[in-house]
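The values are calculated or read from the model by the stated rules, or taken from the named source; none is laboratory data. None of these values were measured; they are calculated from a predicted model. Please note: Cβ atoms are built from the backbone with ideal geometry, for glycine as well, and neighbour counts cover all protein chains shown.
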Amino acid sequence: MSQPTIHELYRALVSGQLSRRQFIAKAAAIGITAPALGFFLKAAEARAQDEPTPVPADVAAPAVATPCEGDGCLFAGQTVTFLTPNETIQVPIFEVRDEFEAATGAKLDIVLAAMNDTLPNLLQDVANGTGAYDASIIGAWWLGELVEGDYLIAIDDWLADDRFPQWSLDSVLPAIRNLMQYDGKTYEIAYDSDGQAFYYRRDLFTDPDHQTAFKAEAGYDLPDPPTTWDQVIDIAKYFNGKPFGPDGEAGSGITMHLAVGQQAMFHFMTFSAPFVIGPDNPQLYWFSPDDMTPLITSPGHVQAINYLVELSKLGPEAMMAWGLTESWDYFLSGKAAMTFTWGDLGALAQETPERGGKSLVKGMTKTVQCPGTMSYYNIVAGADAPTDAPNIVGNTTGGSWAPVISKFAKSPEAAYYVCALMATEPKAKAYAARGFDGVDPGRTFDFPPPDGTGNIEDYVKAGWDEQDAKDYTNAYFQTFSNPLQFPYLRIPGTFEYWLALDTHLSEAMTGQSSPEDALNAAASEFEDITERFGRDLQLDSYKRSFGFE
Amino acid sequence: MSETTAPDSIGSTLGAPNTARASRKRDRTRWYFIGPAIIWILLFTLFPLLYAIRTSFYAFRSGKMLRWVGFDNYRNLWEDEALRSDLQRTIVYVTVVVVVEMVLGFLLALLFNRQMRGVSSLRTIMVLPLFASPIALGYLGKTIFYEIDGPVNRAIEALGGNGIPWLSDPTWAFVAIMIVDIWQWTPFVFLVSLAGLQALPQDITEAAEVDGASALQRLFSITLPLMAPILWLILLLRTIDAFKVVDIVISMTLGGPGRATELYGFYVFRTARRFFNYGSAAAQGYLLLVIVMILVSLLWGRIRNLYEHDVEAR
Amino acid sequence: MDAYLERIRRHPTRLLGDLFVIFMLIVVIAWTLFPLYWAFINSIKFPYDVYGTKWIPWLQFEPTAKYWRQLLGEREIRSAIKNSLIISIGAATLAIALGTLAAYGLARFRFDRPSNGELTTWFLSQRVLPPVIFVTPFYLLARQLDTWNVPYLGLDSVWTLVLLNATFNLPFPVIILTQMFREIPREIEEAAQVDGASRLQIFLRIALPLVAPGLVVSFVIVMAFSWNEYILAVTIAVKNAIPVPVIIAGAESTRGIDYQAVGTRTVLALLPPAIIALIASRYIIRGLSLGAVKG
């Protein structure tokens, strides 16, 4: 395919081979195609020169395993098939592949599935006993489904076995460790740690003008950090519509991801935790441990949803349809004063356009533990329980993605070897610090002193702003070590319960039903789901998953 | 109608049973033609159909059959308010998109049924939406209908209007997914109708024009009756497929906000693939089968006269 | 040109009509192409340009070939396109072969129990059930084939998907071609019959060539549906058989949607079937008429 140049065309015009109109048309075509063609040629050239490397060398995780030879190869001839959501968290698995294969003689096949198809595909495999997958990365709420179905191998025996790379269960902060275990046994190998923290713009909160104006409006000093949701609502009211956005655009008080099916129920869980959970009620949130009656219509829950609906009016209306990216992008582009979400945002805030990201808020993003309340509704006592200090509850809402080994695995030990390799300290530390692979910090060596044994330099080396990194790691350390934790539901059908909550929550947010009606409707769906699975079975699972007597 | 039926009635002697032997032979021959397709379909759908029926009598837990529940899954269909509202919503959806697609597609076909240079390129372009993956379209829809700075809202604002809450407002979100469906399938109606129009005998319309019939008269008394068999066919195919829309919802709204865009096909999909409640999903699937087949039979009753006269006439 | 001007002079309202047609032509083309254009420019934007009013590359944003480079460098997408081509062309071929025979049978013979109408309705009903309720039985079937060591078929096999897509799309060729065969004047076939041609000969030598456009259009329609089929593919395909729609669905993650990936994949996924359809488009237009062969 040769492109005639303008010059050749011109000669054709002069010599009468082309009419004027043809000339203009062809010239225009060249005008459009030439840059476009050049553009793609450039793409092809660049591809030939530098094949994109998935992990930049400067943040690559160090090698841990030593290559084997001959009989030293533990799993020679075996193949491990590893199922993982097609997410950033797949990066370490690909990264570790060569090292694993060299160290054991086994082969590692990685199967990527869309996030929403991973569990269905895994469950289809194990429920029918096929065994096509040896290991899979799962979200923590799948664990109940899989353990209750008797589909997984407990890894406790392998933990001390020195044939495998060594990693310590104790290095995982308690809240996350609980998620890896079920009914006294350990099923997950340490990997990702999820929880929602509270993010806000350090620069806005320390701005004297805003401080003065806020005090005039709210009657008290702008709290930095805010410690109760009441304060957050006041602050959101103050900042909403103020021209703090880029180029003096009007900004929003808060941003959230509230679309149905996009994990908006996690927002409610995090938000409502301190309205229900407190020192005298550390665990009852979802169901009564006597008969599985839903508790989500308690006065505490109702107060929480009313607050959340009020808060949702202080952000862009569009967020009713937002998933994580849209909401994060909004914060990253400097248009929101506050948000609460997962650790990814802290890492993404460091990805400035020069680094290929979209963040305009590097160095301005302060992370703290999510705020609390001054009073919660104690379900056990059936009464409001005021607290002297803010009642702040930690959470592990989210996936906390981690690998498990299938009971039908063809090469279970080799599969465990890969997972253990990724869980070793040098590797896990590198994953958490670089952030872009979505493995969020949750182990003692991820946190700088005095919280843990890590160091802030790892983060700075990976491109973090030092203050941002300090606040961030401290916020997550607090969140995961808080003695009060949001009770994480992990029984069969969890996703169905959650989606019922999610759907009705969205109805309340978009004014299709009142907040109270939404919770009532969700509770009534909870009952239907429980009935269908069998109340006794569900009650058993519920007790087992929380370790009730 | 006499113009179209005339050639067919002449053909009615074809394969006529002259003798009993010929009749038996014809008996066998006809099954040679239709047999392979029937056997093929039975081979591939009989087991799944029976399996799904069995499934529909069980409760599931963790992806495994838990226990026999008799007709509970079917009984639950009547008590499931979400399902009922989804079904109503789906009927609205199907009615609106199919009607709009039929009307738009046919009108455009009428408009462009002329000798013009642009028209042939239009036909070429109109083939493209049929091949766009609905999953991808849903994702694309999210950017196109993006409320802050999205292209649609920017265009509206440039024309002096206010941005529309395309995805965050229950009603508009419903409109948005319908627009995507209409974008993808109007070309189908357009292409089929245009081809049908171009195949109409020119002399009839021209004769009518000479007789002084107005454009509207020609449309209603000549074009529409002649086009009826094709239009009914399109209507039938589109209706069946519109009832099953899943992919656009999966990728664009996941049924939200609230349940505003939760269509029946998506509901069944989610029951099976997200909740692993295969029993209820099977029952829901059969309910859809019954409803759509009733509709198809009603439509078919109308079409039969237009469509089967030659076979019946024999 | 002059004749045209002359006509306009005589009927000045025609000009308005023509202008309206041209205006509508532009509107319709813009409406149809815009989403595809949008997919394309998304694919050449950096992430921070995705939202917002950036419509024109170079002028409003600096385009990047990075995502196309990534895409073309991915082994997955190449194998997915290959799989999708096998699935869609294979399913279309099979469905046409079976569907044409059945359509001819329905068009030319009378069936009593069940009647032609009932048979046609039965064929149509194959499209009514949501495929998702068949997912588990098909999965079990495919796995059973694996345990029997049936060559080519089984889980994670494109050929299984070929068979399944052919089954679910069979109604299209049956319905479309029945109508087409019916439109063939019977005199032609009768003449051949008088000359002593067998039924099969008549079908192959006379009827089939006459419905060629219908064959093409059914082929393209089945191909399009099989190309875009997602739900069966996502359950049967484990690794090697993964087709394009499953890859596209993978563009959404917990971190949200990778719009560049959606853009590149949408455009790339559109190209192969669109090229085939464009090549066949002359036939498609004729074939879609369902009446083009009349008289």
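Does residue A:451 qualify as being surrounded by 19 or more Cβ atoms within 10 Å (Cβ to Cβ) and of a type in the set (D, E, K, R)?
no
Among the residues of the range C:18-65, what is the count of those that are within 14 Å of chain A (Cβ to nearest Cβ) and touching a residue at least 60 places away in the same chain (Cβ under 8 Å)?
Total meeting the criteria: 8.
Closer than 30 Å to residue B:256 by Cα, within 14 Å of chain B (Cβ to nearest Cβ), among the aliphatic types (A, V, I, L, M) and without any contact (Cβ under 8 Å) to a residue 60 or more places away in the chain - does that describe any residue in the range A:478-496?
There is no residue in the range A:478-496 that is closer than 30 Å to residue B:256 by Cα, within 14 Å of chain B (Cβ to nearest Cβ), among the aliphatic types (A, V, I, L, M) and without any contact (Cβ under 8 Å) to a residue 60 or more places away in the chain.
Any residue in the range B:219-232 that is within 17 Å of residue B:108 (Cα to Cα) sitting within a Cβ distance under 9 Å of a residue that is of a type in the set (S, T, N, Q) and assigned to a helix (DSSP H, G or I)? List the pairs, counting only those 6 or more apart or interchain.
B:223/B:205; B:227/B:193; B:230/B:193; B:230/C:179; B:231/B:193
Quick check, is residue B:221 more than 30 Å from residue B:60 (Cβ to Cβ), of a type in the set (S, T, N, Q) and touching a helix residue (DSSP H, G or I) at 6+ places or on another chain (Cβ under 8 Å)?
For residue B:221, the condition - more than 30 Å from residue B:60 (Cβ to Cβ), of a type in the set (S, T, N, Q) and touching a helix residue (DSSP H, G or I) at 6+ places or on another chain (Cβ under 8 Å) - is met.
Consider only pairs whose beta carbons are under 6 Å apart and that are at least six residues apart or on different chains; among these, list those whose first residue lies in the range A:233-250 and is free of Cβ contacts under 8 Å to residues at least 40 places away in the same chain and whose second residue is part of a helix (DSSP H, G or I).
That search, which allows pairs on different chains as well, returns A:234/A:218; A:238/A:214; A:238/A:217.
Anything in the range B:164-205 that is of a type in the set (Val, Ile, Thr), more than 20 Å from residue C:31 (Cα to Cα) and at pLDDT 90 or above? List them, or say none.
Residue satisfying the conditions is B:171 alone.
Using the structure shown, decide if residue A:491 is under 17 Å from residue A:291 (Cα atoms) and crowded, with 16+ Cβ neighbours inside 10 Å.
yes
Kindly provide the set of residues from the range A:533-549 that are in a helix (DSSP H, G or I) and under 28 Å from the mean Cα position of the chain (by Cα), ordered by number.
A:538, A:541, A:542, A:543, A:544, A:545, A:546
Which one of B:94, B:103, B:69, B:98 is within 13 Å of chain C (Cβ to nearest Cβ) and either within 28 Å of residue B:292 (Cα to Cα) or in contact (Cβ under 8 Å) with a residue 12 or more places away in the chain (or both)?
Checking each option against the conditions leaves just B:94.
Does the range A:283-296 include one or more residues that are within 24 Å of residue A:511 (Cα to Cα), away from every other protein chain (no Cβ under 14 Å), part of a helix (DSSP H, G or I) and at pLDDT 95 or above?
No.
Is at least one residue of the range C:63-81 under 30 Å from residue B:52 (Cα atoms), acidic (Asp, Glu) and part of a helix (DSSP H, G or I)?
no
Matching residues to (1) touching a residue at least 60 places away in the same chain (Cβ under 8 Å); (2) crowded, with 23+ Cβ neighbours inside 10 Å; (3) within 12 Å of chain B (Cβ to nearest Cβ); (4) under 23 Å from residue A:179 (Cα atoms):
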| position | (1), (2), (3), (4) |
| --- | --- |
| A:88 | yes, no, no, yes |
| A:94 | no, no, no, no |
| A:105 | no, no, no, no |
| A:118 | no, yes, yes, yes |
| A:122 | yes, yes, yes, yes |
| A:135 | yes, yes, no, yes |
| A:138 | yes, yes, no, yes |
| A:144 | yes, yes, yes, yes |
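Suppose we filter the range A:509-527 for residues that are in a loop (DSSP other than H, G, I, E, B) and either touching a residue at least 40 places away in the same chain (Cβ under 8 Å) or of a type outside the set (Ser, Thr, Tyr) (or both); how many remain?
3
Can you name every residue in the range C:236-252 that is at pLDDT 80 or above, part of a loop (DSSP other than H, G, I, E, B) and either within 29 Å of residue A:440 (Cα to Cα) or within 12 Å of chain A (Cβ to nearest Cβ) (or both)?
Within the range C:236-252, C:237, C:238, C:239, C:240, C:241, C:242 meet the criteria.
Mind checking which residues of the range C:104-147 are of a type in the set (Gly, Ala, Ser), more than 7 Å from every other protein chain (Cβ to nearest Cβ) and either surrounded by fewer than 20 Cβ atoms within 10 Å (Cβ to Cβ) or within 19 Å of residue B:44 (Cβ to Cβ) (or both)?
If the condition is that a residue be of a type in the set (Gly, Ala, Ser), more than 7 Å from every other protein chain (Cβ to nearest Cβ) and either surrounded by fewer than 20 Cβ atoms within 10 Å (Cβ to Cβ) or within 19 Å of residue B:44 (Cβ to Cβ) (or both), then C:115, C:142 are the ones that fit.
Being in a helix (DSSP H, G or I) and either acidic (Asp, Glu) or in contact with a helix residue (DSSP H, G or I) (Cβ under 7 Å, 6 or more places away or on another chain) (or both) narrows it down to one of A:453, A:530, A:479, A:503, so name that one.
A:530
Which residue is nearest to residue A:321 (Cα to Cα), if the candidates are limited to the range B:103-127 and must be under 18 Å from the mean Cα position of the chain (by Cα) and surrounded by fewer than 20 Cβ atoms within 10 Å (Cβ to Cβ)?
Looking at residues that are under 18 Å from the mean Cα position of the chain (by Cα) and surrounded by fewer than 20 Cβ atoms within 10 Å (Cβ to Cβ), I get B:104.
Let me confirm something: among B:279, B:258, which residue is within 14 Å of chain A (Cβ to nearest Cβ), touching an Asp or Glu at 6+ places or on another chain (Cβ under 7 Å) and either over 28 Å from residue B:132 (Cα atoms) or small (Gly, Ala, Ser) (or both)?
Only one candidate qualifies: B:258.
For residue C:93, all conditions in the list (1) more than 10 Å from chain B (Cβ to nearest Cβ); (2) buried (at least 19 other Cβ atoms within 10 Å of the Cβ) hold save one; what is the number of the exception?
All conditions pass for residue C:93, except number (2).
Look through A:214, A:244 and report the one residue that is modelled with pLDDT of 95 or more and surrounded by 20 or more Cβ atoms within 10 Å (Cβ to Cβ).
A:214
Mind telling me which of the residues A:432, A:462 ends up being modelled with pLDDT under 95 and crowded, with 20+ Cβ neighbours inside 10 Å?
A:432
For the range B:237-247, indicate whether the set of residues that are within 14 Å of chain A (Cβ to nearest Cβ) and either under 16 Å from the mean Cα position of the chain (by Cα) or not in a loop (DSSP other than H, G, I, E, B) (or both) is non-empty.
yes
When the residues of the range C:158-173 are filtered to those that are among the aliphatic types (A, V, I, L, M) and part of a helix (DSSP H, G or I), which remaining residue is nearest to residue C:104 (Cα to Cα)?
C:166
Among the listed residues C:210, C:268, identify the single one that is more than 20 Å from residue B:247 (Cβ to Cβ) and either surrounded by fewer than 24 Cβ atoms within 10 Å (Cβ to Cβ) or more than 10 Å from every other protein chain (Cβ to nearest Cβ) (or both).
The match here is C:210.
Being in contact with an Asp or Glu (Cβ under 9 Å, 6 or more places away or on another chain) and more than 8 Å from chain A (Cβ to nearest Cβ) is the filter here; which residues of the range B:153-165 pass it?
B:153, B:163, B:164
Exactly one of (1) closer than 26 Å to residue C:44 by Cα; (2) among the basic types (Lys, Arg); (3) modelled with pLDDT of 80 or more is unmet by residue C:255. Its number?
For residue C:255, the exception is condition (3).
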